[in-house]
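Structure first, then comments.
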Amino acid sequence: MTAKLILGKEVSEEIYGELRQRIEALKARGVTPGLAVVLVGDDPASQVYVRKKGEMCEELGMRSTTIVMPKETTQEELLRKVAELNADPSIHGYLVQLPLPDHIDEEAVIDAIDPSKDVDCFHPSNVGRMLIGDPDFLPATPAGVQQMLVRSGIETAGRHVVVVGRSNIVGKPMAAMMVQRGAGADSTVTVVHSKTPNLAEITSTADILVVAIGKPRFITADMVKEGAVVIDVGTNRIQDPTHPKGSRLVGDVDFDAVKEKASYITPVPGGVGPMTICMLMANAVRAAERVVG
Ligand code: NDP
């Protein structure tokens with residue numbers, strides 16, 4: 001079997017089409033959804049992510065605000081900025097780009113964000129609401145994976161979803177979302193991680209395998225069941241002298257071998273990647289809709 005590709009660009013275009021209509025409807029009621037992004041320091045990868053978020057906002061006709069603060073910014077100064085954004089009615093949603101410089105306590109900053117504006121869905125109150133099945137927002141990357149499954153017509157109810165990785169931004173929320181009642185979920189979920197001894201034994205029982213560990217080509221064909229749906233969240237840059245840049249991106253899955261065994265697979269790049277920013281935009285639109293009522 002050669003797997004069908006699930007392409008983030010195609011799925012996200014469909015969602016952007018829906019978001020554009022929702023943004024128009026908000027504008028017709030006099031509200032332009034506004035997203036702010038706070039960047040502390042000059043980490044080059046963060047600068048790229050922040051720029052892309054701003055560009056996407058503008059492309060969708062949303063108001064975009066980027067606040068750049070120097071890397072010497074104190075925690076107090078950042079918390080003051082967070083309080084300002086909480087109080088600003090023109091900012092419907094915002095996020096503080098992570099990672100923050102070492103001298104700033106990330107948890108304290110996330111705790112200070114008004115949960116109704118927390119479009120990254122990192123605030124404990126939003127994480128809790130997601131867990132009890134009553135979410136305001138969903139965390140962007142796992143929500144993107146779920147949309148890829150739903151919009152590719154993949155049945156999730158009663159199927160065994162194995163999530164590899166247990167980070168707070170991907171693995172844990174992914175598992176929490178798939179175990180909920182309802183469409184795109186209702187799955188039987190197993191989470192495996194670096195302390196799981198019989199990892200391959202478990203992954204090879206997955207109907208749907210979601211991998212988010214950050215280890216290039218870790219999942220090999222012998223770890224995957226024939227006909228499984230394989231979603232590769234991993235993004236790893238490896239050296240490749242044959243590539244013009246001298247390096248290229250690969251996922252956590254050995255794509256070439258696994259695609260011969262899976263029924264569906266996401267490539268890297270071009271798979272989950274474009275979904276994350278798309279679902280962030282969806283959360284920003286939702287934040288504005290909640291204000292309008
Ligand atoms: P983290 O480093 O926060 O977490 C990695 C997880 O993988 C941990 O739970 C760790 O286990 C587990 N792990 C590491 N090594 C192994 C192993 N050998 N066997 C089993 N489990 C292992 O990573 P993230 O969740 O933030 O990101 C994972 C990957 O996804 C990265 O490549 C990242 O770049 C990518 N990513 C891509 C996004 C996108 O938009 N496409 C968005 C977010 C992330 P333990 O807890 O036991 O240490």
Worksheet item: Which distance in Å, rounded to a whole number, links the C-alpha centroids of region 1-73 and region 98-119?
Response: 19 Å
Worksheet, complete the sentence: So, relative contact order of the chain in percent, Cα under 8 Å, 6 or more apart, is 23 percent
Worksheet entry | Mean Cα-pair separation over length for region 198-249, i.e. relative contact order, pairs under 8 Å, 6 or more apart, % | 34 percent
Practice prompt. Once you have all Cα-Cα distances for the chain, histogram them in 5 Å bins from zero and send the whole-percent values.
Written response: 1, 5, 11, 15, 17, 16, 14, 10, 6, 3, 1, 0
Worksheet item: A257 versus A183, label points 7 Å from Cα toward the beta carbon: distance in nm?
Response: 3.8 nm
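Rounding to the nearest 20 debye, state how big the charge dipole of region 113-263 is about its Cα centre with +1 on each Lys and Arg Cβ and -1 on each Asp and Glu Cβ. Please list the in-between numbers first.
Working: 16 positive and 17 negative charges, 52 e Å.
Here region 113-263 has a charge dipole of around 240 debye.
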Response to the item:
For the chain, longest principal axis from Cα atoms; helix 140-151 axis from its Cα atoms; angle between them, nearest 10 degrees, is 50 degrees
Practice prompt. Apply 1/(1 + (r/R0)^6) to the Cβ-Cβ distance of A221 and D42, taking R0 = 41 Å, and write down the FRET efficiency to the nearest 0.05.
Written response: 0.50
Worksheet item: Hey, rough spin-label estimate for H160 and A108, points 7 angstrom out along Cα→Cβ, what's it come to in nanometres?
Response: 4.6 nm
Worksheet, complete the sentence: Going residue by residue through region 286-293, the Karplus relation 6.51 cos²θ - 1.76 cosθ + 1.60 with θ = phi - 60° gives ³J(HN,Hα) values, rounded to whole Hz and with x marking Gly or Pro, of 4, 4, 5, 4, 5, 5, 5, x
Worksheet item: Where both residues lie in the chain, what percent of DSSP beta bridges are antiparallel, nearest 5?
Response: 10 percent
Item to complete: Among the listed pairs K52/K81; K52/K225; K81/K172; K53/K259, give every one whose C-alpha distance is greater than 27 Å.
Response: K52/K225; K81/K172; K53/K259
Discussion item. Name the residue from S46, A157, L78 whose Cα lies farthest towards the positive end of the charge dipole of the chain, charges +1 on Cβ of Lys and Arg and -1 on Cβ of Asp and Glu.
Written reply: A157
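If you place +1 on the Cβ of every Lys and Arg, -1 on the Cβ of every Asp and Glu, and leave all else neutral, what size is the dipole of region 47-158 about its Cα centre, to the nearest 20 Debye? List each step's numbers first, then the result.
Details: 10 positive and 19 negative charges, 88 e Å.
Taking the Cα centre of region 47-158 as origin, the dipole is about 420 debye.
Where does the chain land at 222 nm, in deg cm²/dmol rounded to the nearest 500, when only DSSP H runs of n ≥ 4 count, each adding -39500 (n - 2.57), divided by all residues?
-12000 deg cm²/dmol
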Response to the item:
In degrees, nearest 10, the alpha-carbon axis of helix 44-60 is tilted away from the dominant principal axis of the alpha carbons of the chain by 70 degrees
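No value in this document is a laboratory result; all are computed from the given coordinates. Just so it is clear, the structure is predicted and the values come from calculations on it, not from any experiment. No Cβ is skipped: glycine too gets one built from the backbone with ideal geometry, and neighbour counts run over all protein chains shown.
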